[in-house]
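In what follows, a structure is listed as structure tokens, so that the remarks can point back to it.
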Amino acid sequence: MPNQDVIKAVRRGCLIEVTDCIHFIKGPGMSDYDFNKSVKAVKKRIKDVWEAPEFKWKCCKVKFKFEYVKDAANDADDKTLHPKRGRSTQEGLGPSKSTGNWFVGEIGQPGGAGLPLEPDVPSAPHEVGHELGLRDKYHAVDAKGDPVPEQVVNKDGDLVNNPKFDHYKPEANYPLDGVMFDPPGNPIPQQVDIDEILANLGIDCPDNCCEEKVTKKK
Ligand SMILES: [Zn+2]
């Protein structure tokens, strides 16, 4: 379920606007300069994937709009940006469980003349999907494509990577470029994702929005 403390859906006529406030925290070892640069890059990435397209819920148009708070410490929604490459994760599946660790890339690593590399933020739109209440739409499989757990407990009782794990596979009918798969390229929110978000937010699209469209076509 989306966290309705920070996510709101408002309908005006046949347009539904979903707003979300995202809280960022500067991770350990990150300079103010890199933090600001990362937030800027993450915002752009989120805008391109979630704000630019126009989505639909039944016959209504849906627009997403994000606001941002920086250094919002000690808040249940805080996301910590880390200045390294890694696997970004976010809980995001229940009220007050939208915290996360977002890895934004090797900022500050040699990029020539001391220039930082551009933050690497491909996973930001995926983590926003979690923020909006979506779960991962993939699972771990072995080399043959059969489902396996991603991690297992070894003989010492530690949680380790499953030696049989080979790659991730999207759920049935979920495309490779779907934002809740694990896309390195150009993630795209799918209609099934939008339907799930809006249904969870409990907002409806009245039947007359469908009727209006029919009338206009005549
Ligand atoms: Zn995920």
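The values are calculated or read from the model by the stated rules, or taken from the named source; none is laboratory data. Just so it is clear, the model here is predicted, and its values are computed rather than measured. Positions of Cβ are backbone-derived with ideal geometry, glycine not excepted, and every protein chain shown enters the neighbour counts.
Worth pointing out:
- Residues considered: Gly133, Gly145, Gly185. Of these, the only one that is within 17 Å of Ser88 (Cα to Cα) and touching a strand residue (DSSP E or B) at 6+ places or on another chain (Cβ under 9 Å) is Gly133.
- Residues being in a loop (DSSP other than H, G, I, E, B) and either at pLDDT 75 or above or closer than 19 Å to Pro28 by Cβ (or both) - total across the stretch 92-102: 1
- Of the residues screened, Tyr174 is not one that is within 12 Å of the ligand (Cβ to nearest atom) and of a type outside the set (Gly, Ala, Ser).
- Of Gly105, Gly112, all but one fail to be surrounded by fewer than 17 Cβ atoms within 10 Å (Cβ to Cβ), modelled with pLDDT under 90 and assigned to a loop (DSSP other than H, G, I, E, B); the exception is Gly112.
- Within the stretch 161-191, considering residues that are within 15 Å of Pro53 (Cβ to Cβ) and of a type in the set (A, V, I, L, M), the one surrounded by the fewest Cβ atoms within 10 Å (Cβ to Cβ): Ile188
- Looking only at residues of the stretch 190-203 that are touching a Leu at 6+ places or on another chain (Cβ under 9 Å) and within 16 Å of the ligand (Cβ to nearest atom), we find that the one that is nearest to Pro147 (Cα to Cα) is Asp193.
- Only one of Lys43, Lys47, Lys58 that is modelled with pLDDT of 90 or more, under 21 Å from Leu134 (Cβ atoms) and out of contact with any Phe, Trp or Tyr (no Cβ under 9 Å at 6 or more places or on another chain): Lys58
- Of all residues in the stretch 196-218 being acidic (Asp, Glu), surrounded by 12 or more Cβ atoms within 10 Å (Cβ to Cβ) and modelled with pLDDT of 90 or more, the one that is nearest to Leu15 (Cα to Cα): Asp204
- Boolean, His126 is modelled with pLDDT of 90 or more, within 15 Å of the ligand (Cβ to nearest atom), surrounded by 14 or more Cβ atoms within 10 Å (Cβ to Cβ) and not polar (S, T, N, Q): yes
- Per the listing Asp177, Asp136, Asp193, the residue uniquely under 15 Å from the mean Cα position of the chain (by Cα), under 30 Å from Leu15 (Cβ atoms) and in contact (Cβ under 8 Å) with a residue 60 or more places away in the chain is Asp193.
- Selection status of Val160, at negative phi and assigned to a strand (DSSP E or B): yes
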